[in-house]
Amino acid sequence: MKVLFVVGALVLLAGIGAAQTFDPGTPEGAMVSSIQKEADPAKKQALLQDFVQKFPDSHLAGWAWGQLQTAYLQAKDYDKTIEAGEKSLAADPDNVEVAYNNLKAAEAKNDADGVMKWSAVTSQAARKEIAGAKPGAADQSRVDYAKQVDTYTEYSIYATALKTSDPAKIIALTESLEKRSPDSPYLGKAYGLYLNALQSTKQSEKAGAAAIRQLQRDPQNEDALLVAAEYSMQQKNTDKTLQYSTKLTQVMQSKAKPEELADADWQKKKQTLLAFGFWMQGAAYNTQAHYADADKALRQALPLVKNDNRLMPMVLFQLGVADFQLGKSSKNTAMIKEALNFSKQSAAVSSPVQVEAQNNVKAITKALGIGAH
């Protein structure tokens, strides 16, 4: 903020925007004086509207539009709020308050595109104010305010993504924040929504790369760990699958509930991610022929998937594989029979491994028959 020294008949104009002076002896100055003295909000708004019509090119028009913007926002007329804000910013592009008011209006309209636009504009204005501040108490309050506003612009992206069901909007919102503030804590909170949106739009390659990128910033991000593990499994990269899935189970067993999630929602998420983590661990260990480790991981997954008809047959299938190999190598008929039971349960449910499970039932049954003779 500039500190101006008033000389002669010039008067310092108060209100939103950079400090400006005006001459009350001029027609426009006299009108500004009348506006400032008017106590009735409706009459004051009418005077402001009259001012911008009569003096559209005045250096005080930006101030007047800013005053109108505040009135429109209070009246919840969000379209007019944004229109007035745009005209005010045309005169003063770095006005943090005006840009912030437009962001609030876009939020109130549930306009994801508007939030993206005004979040970026507000952040740019706030950062410019922070960068241009001079050391001293006079500027510090403005700097503190600008920092708070800049942080809010990041939260605004996350909050809007939470309320948005359109995957394309979620992707655009999150990518706008990632480009502007890659270290924002709200980016990490939004990333699960972002990765789900990418996967739901069949962008698995992009989702996998994004998850790995996020883990470089936040190795504890459970959403990124899940997608990175799934992506590595799809790529048949067993070592990476095991690395990410193991880390996922470690994180989910120790991580505290995020403040924004209800207890029930967190427990559901925790159970789901642990189930996926242990299942992927078991599958990776089976691929590496580490059957005892596979059995241990899969048995931890089993109680977590009892009501999940999608994941349950996958876990049962892998348990059948692990226990058959363990039973065969140790000549433990009881374990082979347990493997048969797991395989039968898997074969009875429609899944991507149903045919393989049915084949395994035949093979294990045959193996038990040979052993009986």
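The values are calculated or read from the model by the stated rules, or taken from the named source; none is laboratory data. Please read these numbers as outputs of a predicted model, since none were measured by experiment. Positions of Cβ are generated from backbone atoms using ideal geometry, with glycine treated the same way; all protein chains shown enter the neighbour counts. Surface areas here come from the heavy atoms of the whole protein model, side chains and all, with no ligands, DNA or RNA. Shrake-Rupley method; radii C 1.70, N 1.55, O 1.52, S 1.80 Å.
When the criteria are applied in full, Ser200 fails the requirement of being open to solvent by less than 30 Å² (accessible area, probe 1.4 Å) and farther than 30 Å from Asp150 by Cβ. Checked against the criteria, Ala228 does not count as part of a helix (DSSP H, G or I) and farther than 21 Å from Gly282 by Cβ. Annotation for region 196-207: no member residue is without any contact (Cβ under 8 Å) to a residue 60 or more places away in the chain, touching a Lys or Arg at 6+ places or on another chain (Cβ under 8 Å) and under 22 Å from Ser119 (Cα atoms). Would region 346-357 turn up any residue that is open to solvent by 80 Å² or more (accessible area, probe 1.4 Å), closer than 20 Å to Lys236 by Cβ, in a helix (DSSP H, G or I) and free of Cβ contacts under 8 Å to residues at least 12 places away in the same chain? Yes, some residue in region 346-357 is open to solvent by 80 Å² or more (accessible area, probe 1.4 Å), closer than 20 Å to Lys236 by Cβ, in a helix (DSSP H, G or I) and free of Cβ contacts under 8 Å to residues at least 12 places away in the same chain.
The helices (runs of 4 or more DSSP H) located wholly in region 27-108 that include 1 or more residues which are more than 24 Å from Ala125 (Cβ to Cβ), at pLDDT below 90 and in contact with a Phe, Trp or Tyr (Cβ under 9 Å, 6 or more places away or on another chain) occupy 27-37. Phe342 meets all of the listed conditions (1) of a type outside the set (D, E, K, R); (2) assigned to a helix (DSSP H, G or I); (3) open to solvent by 40 Å² or more (accessible area, probe 1.4 Å) but one, namely (3).
Considered as a group, the residues in region 293-309 that are among the basic types (Lys, Arg) and at pLDDT 95 or above include one that is nearest to Lys270 (Cα to Cα), and that residue is Arg299.
Applying the set (1) under 26 Å from Lys240 (Cα atoms); (2) of a type outside the set (Gly, Ala, Ser); (3) part of a helix (DSSP H, G or I) to Arg310 leaves exactly one unmet item: (3).
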